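Inspection log for the structure reproduced underneath, given as structure tokens.
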Amino acid sequence: MAEGKAETEELLENLSVPGLEEGTSLEEFESWTAGLLRGVIEEIVSSADREGPQAVLEAATRNAEWRVKKAKQRVEEVEQDLERMSRERLLPDEKTLEKVARYEAHLSHQLYKAMHELEALQARRSGGSTPLARIDVDGLPES
């Protein structure tokens, strides 16, 4: 636990405020009044040997800013972890990609072979002749 946090918790445990029952947690207390709050601040100030309520307010503000900063850092870390995990799950490993590429090439070859056989059967049914060798060319006609 951080040194400042330990000091704060010890200070709050030993705090005795007029109008607040002994053993009541400040965080759980729901019947706050302006006078009771002033009493708590004055007790904290006198217990902490501070120069006044303004110094306590500044310390509390710094503490809150520090907590917000830490929370934002944690949010950024979680977002980076999620992004990294998303990228990792997007594509399989290299070995699996090579297998997929081989299967894709094989299926493509089989598809063209079946198409050529179909074209040959259709040509023979209509009385035409079919060449034994067929060539497939990919690309633009102008190039």
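The values are calculated or read from the model by the stated rules, or taken from the named source; none is laboratory data. Because the structure is a prediction, the values reported are computed rather than measured. Positions of Cβ are generated from backbone atoms using ideal geometry, with glycine treated the same way; all protein chains shown enter the neighbour counts.
Descriptive notes on the structure:
- Any hit, segment 39-61, residues being modelled with pLDDT of 80 or more and either surrounded by fewer than 10 Cβ atoms within 10 Å (Cβ to Cβ) or hydrophobic (A, V, I, L, M, F, W, C) (or both): no
- Some residue of segment 123-135 being surrounded by 10 or more Cβ atoms within 10 Å (Cβ to Cβ), at negative phi and either modelled with pLDDT of 90 or more or among the polar types (S, T, N, Q) (or both): yes
- Condition met for Ala34 (of a type outside the set (Phe, Trp, Tyr), under 43 Å from the mean Cα position of the chain (by Cα) and loosely packed, with under 10 Cβ neighbours inside 10 Å): yes
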